[in-house]
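Here the structure is laid out as structure tokens; the discussion comes afterwards.
The values are calculated or read from the model by the stated rules, or taken from the named source; none is laboratory data. Predicted model only: the values in this text are computed from it and were never measured. Every residue, glycine as well, gets a Cβ built from its backbone with ideal geometry; the counts of neighbours run over all protein chains shown.
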Amino acid sequence: MLHQAHIEPLSRLVDTLRNENRGQVPDFDPLDGGVKAQMLFIMEKPGPMTDPDKDGPSGSGFISRDNNDPTAEALFCFMREAEIDRRQTVLWNAIPWWNNDIQVYSQEWKDGLSCIDMLLDILPCLQVVVLVGKKAEKARKSLEARGLKVFISAHPSPQTRGLHPELWRAIPDIWREAATELARLSEDDARYGRAIASRSVFPTQRQFELRDVQLSAQVANCSPSGTDVSDHRLDLVISLDPFEFQISHDETNYTQFERSLINDLEAIARACRYASQDHLICAIAYVCACYRAIQTAEISITSNPAWNGTGSMTSKISLDSAALEHLREN
């Protein structure tokens, strides 16, 4: 199950961390949402029941709500009480490795936070993060800097239940609030998609993972300085691969406006590397709409998904000034 499409990129991340020999790194639960997850729950540090090689009763080898320990049991029950579909979620720890020590040291926190960044780069659908426990809260600023909605709850451990019963009882309510926020954000995304569709420029639905993608974004008729520059064009090519990213363009003569646009397009392309072509093309269209200086835009994506035996596939979208304005208003 670890090689299924939704979990395989996360398994590769785990392999990378294991090669660093910091401790036992549990696998992601393939019954959760994997790279398609919209909610990320970050706890503190794996416990001994994630370690399959420990003495005594062996651990599962997974970070999972189905593990045989009181914290996992509480996690399972609170998720169910908050009515959160596990296929929307992925579980992680701020410190991703178990090193036979429940203590967490300052350098471990620094190393763990860098691992969170690695994880976020392969969660393109992520919108909401729940930081579970006081220690996990240290990741808050870096997550909010990415534009993610962050919620904070107590840790569902026996210690919390015994020492802070009021915090324990509040956990499912906070998680339910996070799920409600996700539903609202998802509806906003659907609204942007409908806005594009209403202009008859939405490409045919094709659902597959993007691999070996060539994306050409041509932004025409920009007037970043406030003057009419009708013949101005910004052409760039983005190459995407699950663990590699390149953007090709001439960096020598760009204005601040153009550099800002390129940075936003780069961030969107990186975040959507596991999305469908339609998802990516709509995301780029919305970025273009956010820049009022852009009057027209043409976006083309070509993919060669060799894994399913098909040839190259191309999606294109052309946005005139009316279509861009419609997006801005909706």
query = Pick from region 119-134 the residues that are within 13 Å of the chain's Cα centre (by Cα) and part of a loop (DSSP other than H, G, I, E, B): which of them is farthest from Thr16 (Cα to Cα)?
reply = Gln127
note = Counting only residues in region 69-111 that are aliphatic (A, V, I, L, M) and assigned to a helix (DSSP H, G or I), the one modelled with the lowest pLDDT is identified as Ala72
query = Counting only residues that are under 16 Å from Phe78 (Cβ atoms), in contact with a helix residue (DSSP H, G or I) (Cβ under 7 Å, 6 or more places away or on another chain) and surrounded by fewer than 16 Cβ atoms within 10 Å (Cβ to Cβ), how many does region 124-178 have?
reply = 2
request  = Kindly list the number of the only condition in (1) surrounded by fewer than 21 Cβ atoms within 10 Å (Cβ to Cβ); (2) at pLDDT 95 or above that fails for Ser114.
outcome  = (2)
task = Count, please, the residues in region 1-30 that happen to be in contact (Cβ under 8 Å) with a residue 40 or more places away in the chain, surrounded by 15 or more Cβ atoms within 10 Å (Cβ to Cβ) and in a loop (DSSP other than H, G, I, E, B).
result = 5
key: Those residues of region 141-188 which are within 18 Å of the chain's Cα centre (by Cα), of a type in the set (A, V, I, L, M) and more than 14 Å from Phe41 (Cβ to Cβ), in sequence order   = Ala145, Ala183, Leu185
